[in-house]
């Protein structure tokens, strides 16, 4: 049994999609991304930053020993779940030639595109004075355009992020694309036709429609 600390419109939605794709039992533990509201103590014990997603598990194996654990960070949880449940075919095997691109893409999404979104949505975290927040936000919006262009070029004419096979990287792409908000100065997804094409294809999956209610 997995427990996923969950908040609407957060990165925890992508992990819920992966759990649905894998087909394992899980429980959603409601939490919040509002820094002015308390998070569950169990969540903070795992991730003192107070962010989501946070995943924990507790299971009994056939030899009656208990296996428990917990972790945070979207890309890390994705790698962990996909490698732990290879039957879902959401990630290349360690000796697969596309494994390098898969890992590179997950980390790029996490370190570059998500960081740009943070600059845009939470500029106060990056500056000393409220007067500097608009500048940080503008830089974040420019960075979004730069990083999404890198991904659009990487995809090119491929059917999916990794070529002809669907993977957890496509789920990550879809989730991040839902955060684009041109009203805030973000680039429109129409500027990245390859990204848009994959996002539209991912949106047809039952797991996405269940979690994102598309």
Note on region 122-145: residues free of Cβ contacts under 8 Å to residues at least 24 places away in the same chain and part of a helix (DSSP H, G or I) are 123, 124, 125, 130, 131, 132, 133, 134, 135, 136, 139, 142
Restrict the check to region 122-129 and report whether at least one residue is over 17 Å from the mean Cα position of the chain (by Cα), closer than 21 Å to residue 13 by Cα and either outside the structural domain of residue 51 (by TED's automatic domain parsing) or crowded, with 17+ Cβ neighbours inside 10 Å (or both). yes
Looking only at residues that are surrounded by fewer than 18 Cβ atoms within 10 Å (Cβ to Cβ) and within 18 Å of the chain's Cα centre (by Cα) in region 59-78, which one is modelled with the highest pLDDT? 76
Of all residues in region 28-58, count the ones that are modelled with pLDDT of 90 or more, under 18 Å from the mean Cα position of the chain (by Cα) and surrounded by fewer than 20 Cβ atoms within 10 Å (Cβ to Cβ). 2
Of the residues 150, 107, 195, only one is in a helix (DSSP H, G or I), crowded, with 22+ Cβ neighbours inside 10 Å and outside the structural domain of residue 20 (by TED's automatic domain parsing); which? 195
Do the conditions hold for residue 204, that is, is it without any contact (Cβ under 8 Å) to a residue 24 or more places away in the chain and either in a loop (DSSP other than H, G, I, E, B) or touching a strand residue (DSSP E or B) at 6+ places or on another chain (Cβ under 7 Å) (or both)? yes
Residue 94 is checked against (1) farther than 29 Å from residue 164 by Cβ; (2) outside any helix (DSSP H, G or I) and fails just one. What number does that condition carry? (1)
Every listed condition ((1) within 30 Å of residue 160 (Cβ to Cβ); (2) without any contact (Cβ under 8 Å) to a residue 12 or more places away in the chain) holds for residue 48 save (1)
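The values are calculated or read from the model by the stated rules, or taken from the named source; none is laboratory data. Predicted model, so just to flag it, every value in this text is computed and none were measured. Because the Cβ atoms are built from the backbone with ideal geometry, glycine has one as well, and the counts that use them run over all protein chains shown.
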